[in-house]
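Structure first, commentary second.
No value in this document is a laboratory result; all are computed from the given coordinates. Note that the coordinates shown come from a computational prediction; the quantities given were computed from them, not determined experimentally. Cβ: placed from backbone, ideal geometry, glycine included. Neighbour counts: every protein chain shown.
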Amino acid sequence: MTMPGNPLEAATHANPWSYYATLLAERSMHYDDALKLWIAFKAVDVAQVLRDPACRVRPLDQPVPLVLGNSPAADVFGNLVRMNDRDKHVALKRMVNTVLDTLLKDKLEQRAQYWVNKLLEEIKPMQAGSGMATFCYRLPVSVMADLLGIPEEKSAGIAEWVGDFIRCIAPGGTPEQIAVGQEAAAKLRACVQEQYLSAQAATNGSLLQSFKQLENQNEFIQLPQIIANSIGFLTQTYEATAGLIGNTLACLSDYAELQQRITSTPELIPALLEEVLRVHAPIQNTRRFVAEDTVIAGNKISAGSAILVVLAAANLDDSVNPSPEEMDLSRRNPSLFTFGSDSHGCPGKDIAISISAVAVNCLLQQGLNLSKLARPVRFRASLNARVSELAMV
Ligand code: HEM
């Protein structure tokens, strides 16, 4: 098997592990001339980049990608907590954390179970064909739309628009994907805003109701930011959580013994998901843009540079996780970089794990035959996400 040529190819390569192991053993943080990116992959360097205030989530001169022009997609993008730094980020992060804190685990699991049952019936993912991939994409975003208080009948449309919008803002989007994504962003914004302004949103115990209670709290928490970050909950959930479910099923199909153990002891599913997140990370890398000269791992990195932060390699660094490639369900306090860390660290880890645990448990209890998973597993085309798109034969 050929090795990936660089960390962007590794994200969806059949065997990224040997490539990351070689990087970790033989290289240190360096500048890749071809990619025009600094590459940080050791745990210590990844942690340093993620906490360095000089390393921002967007280039200073381009807070919103120019290709998005003056479109609704640009408005949503520019107001996302994920895409801002400093004062605006602090205010938006406080808002999203406050809203997510109102979500009760019981309600989350109950809605996840409801959607698993509904989509099993509707999509029939265990039958031959690509239904399993559709199920993995539809489930997390449907649960999140439901929690936001968006009516059930709008869920399929929302999932499609979210998929289109993500393709348009991901690194490497084609002109066609950008055009489709811009339209999708306009539809998403109209749909979420209509729901937010409706009478039900004031009383239905939804996440939109929680957002309402914060509106106008300060200059950064106004209607456009609330709508953008409600959409952000959908976009941030969509691809990565689909990847967590798909990568877990693919991994179980490789290890019959593990599958048996998990089926008979479903309490182990959260521990399994943690190890899948570490070894088969659905988000493999992220980027930072250097706003002022800084020093990382002894390298002088000048303002204007960009850094590829290889989270998936840091998970496999044996200085923080001994025998890193081994899936060990009793591993104690593993270092996990898949959700980022520090100021931009993901607030959705528990949500992703809860939804995925309900899905994996239900599929196994209903007798999913993993020997019927089509091989080799294919991945969604991406430079940063590793999302198995499963099919059954
Ligand atoms: C397996 C599933 C998930 C993975 C692997 C994942 C991964 C990540 C990563 C790596 C980041 C930080 C990116 C960076 O620093 O450059 C992030 C940010 C974020 N994630 Fe997740 N995520 C997942 C699920 C979710 C879910 C379910 C939500 C729902 C609320 C969510 C909401 C967010 C938000 C709002 C941010 C931006 C935080 C900020 O910039 O301060 N994520 N996620």
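Amide H contacts under 5 Å for ILE296: ILE301, restricted to partners 5 or more places along the chain or on a different chain, H placed in the peptide plane at 1.01 Å from N. Near ARG287, the amide H atoms lying under 5 Å from its own belong to VAL309; only residues 5 or more places off or on other chains count, and H is placed 1.01 Å from N.
In this structure the amide hydrogen of LEU37, modeled in the peptide plane, comes within under 5 Å of the amide hydrogens of ASP32, none closer than 5 places in sequence on its chain. Here ASP350, ASP87, ASP75 are placed in order of increasing Cβ neighbour count within 10 Å, fewest first, which gives ASP87, ASP350, ASP75. Taking a point 7 Å out from the Cα of HIS30 in the direction of its Cβ, the residues of region 308-324 whose backbone N falls within less than 20 Å of it are 308-319.
Couplings 3J(HN,Hα) of region 50-62, computed from phi: 5, 9, 7, x, 6, 9, 9, 7, 9, x, 4, 8, 8 Hz, in residue order, whole Hz [Karplus 6.51 cos²θ - 1.76 cosθ + 1.60, θ = phi - 60°; x for Gly and Pro].
Comparing GLN225, GLN213, GLN110 in a Gaussian network model of the chain, where Cα atoms under 10 Å apart are tied by springs, the biggest mean-square fluctuation is seen for GLN213.
What the phi angles of region 307-324 give under the Karplus curve with 6.51, -1.76 and 1.60, with θ = phi - 60°, is a coupling list of 10, 8, 9, 8, 4, 5, 6, 4, 4, 9, 7, 6, 6, 10, 10, x, 6, x Hz, glycine and proline written as x. Placing unit charges on the Cβ atoms only, positive for Lys and Arg and negative for Asp and Glu, gives region 239-393 a dipole magnitude near 400 debye about its Cα centre. Expressed in Å, the radius of gyration and Dmax of the Cα atoms of the chain are 20.5, 60.
Peptides 231-239, 8-16 ranked from most to least packed, by the mean per-residue count of other Cβ atoms within 10 Å: 231-239, 8-16. Once phi is turned into ³J(HN,Hα) by the Karplus curve 6.51 cos²θ - 1.76 cosθ + 1.60 with θ = phi - 60°, what whole-Hz value does each residue of region 213-219 show in order, with x for glycine and proline? Per-residue couplings from phi come out as 5, 9, 4, 6, 4, 7, 4 Hz.
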